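Structure, as structure tokens:
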């Protein structure tokens, strides 16, 4: 079987929706010859989030580590990844049916593409779903689109819809060590070295609730976000000037 590894960072207190994330994984219609691995990494060493997971599913790999934020948890999860592809999934979100399949198909049917993103659905507190109105056109993403949208202050896609070749993810160093928006920062760096693909169908059900990180005032603190932009855009410029481009060394099996 060919594996896609789904990485989920979690912390003690942010694990109360893990059961719904797991149910969404169970609902996935996988391509022939493919299976998934769920790599859940606690940002901390309490072990409490593990109590929200089934103990008898060998596809789940749970790990702990010193607290350092979501970016560090995501990157440390790479130590247990067995898949040729990696998919992002936050602990409070869910995958619509077909999300994994569509990500796999995008990268196997278009071997020149290193990563893919998709549209997303907001799950509102009243249980209703709301789609995005700013998604770029489906298909090959225009070079520099994401960097441009980041600089304009309106990022074009949801970073947590990412599906990416595992070796490409390693090549750019995993998720950048920043206190917020590490998913956005990663996409901007991926765009600098590899073509990306936009999937029109929803790839994420994004839960809107008061406890989420993006609902906290600290997430929007101007000085921190200015520092993040300075670091990211400098790194992006240096990466571009190297002239290095990613090329696949191995290719996941095409979907049948």
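The values are calculated or read from the model by the stated rules, or taken from the named source; none is laboratory data. Owing to the predicted nature of the structure, the values given are computational and were not obtained by experimental measurement. Reconstructed Cβ throughout: ideal geometry from the backbone, glycine too, with neighbour counts over all protein chains shown.
Just checking, which of 46, 82 is in a loop (DSSP other than H, G, I, E, B) and touching a strand residue (DSSP E or B) at 6+ places or on another chain (Cβ under 8 Å)?
Result of the check over 46, 82: 82.
What residue, among those in the stretch 134-155 that are buried (at least 18 other Cβ atoms within 10 Å of the Cβ), within 16 Å of residue 195 (Cα to Cα) and in contact with a strand residue (DSSP E or B) (Cβ under 9 Å, 6 or more places away or on another chain), is modelled with the lowest pLDDT?
Filtering first and then ranking leaves 146.
Filter the stretch 144-169 down to the residues that are over 15 Å from the mean Cα position of the chain (by Cα) and free of Cβ contacts under 8 Å to residues at least 24 places away in the same chain and list them by number.
148, 149, 152, 153, 154
Please specify each residue of the stretch 1-25 satisfying the condition of being within 15 Å of residue 87 (Cα to Cα) and not in a strand (DSSP E or B). If you could, list the steps in order and put the result at the bottom.
Start the filter on the stretch 1-25 by keeping residues that are within 15 Å of residue 87 (Cα to Cα), which leaves 2-9, 21-22, 24-25.
Across the stretch 1-25, the qualifying residues are 21, 22, 24, 25.
If I filter the stretch 108-125 for residues that are touching a strand residue (DSSP E or B) at 6+ places or on another chain (Cβ under 8 Å), assigned to a helix (DSSP H, G or I), under 21 Å from residue 3 (Cβ atoms) and touching a residue at least 40 places away in the same chain (Cβ under 8 Å), do I get at least one hit? Explain how you work it out, then say what you get.
Within the stretch 108-125, the first condition is being touching a strand residue (DSSP E or B) at 6+ places or on another chain (Cβ under 8 Å), and the residues that meet it are 110, 113-124.
After this cut, where a residue has to be assigned to a helix (DSSP H, G or I) as well, the list is none.
No: the stretch 108-125 contains no residue that is touching a strand residue (DSSP E or B) at 6+ places or on another chain (Cβ under 8 Å), assigned to a helix (DSSP H, G or I), under 21 Å from residue 3 (Cβ atoms) and touching a residue at least 40 places away in the same chain (Cβ under 8 Å).
Determine which single condition residue 123 fails, assuming it passes every other condition in (1) in contact with a helix residue (DSSP H, G or I) (Cβ under 7 Å, 6 or more places away or on another chain); (2) crowded, with 18+ Cβ neighbours inside 10 Å.
Against the list (1) in contact with a helix residue (DSSP H, G or I) (Cβ under 7 Å, 6 or more places away or on another chain); (2) crowded, with 18+ Cβ neighbours inside 10 Å, residue 123 comes up short only on (1).
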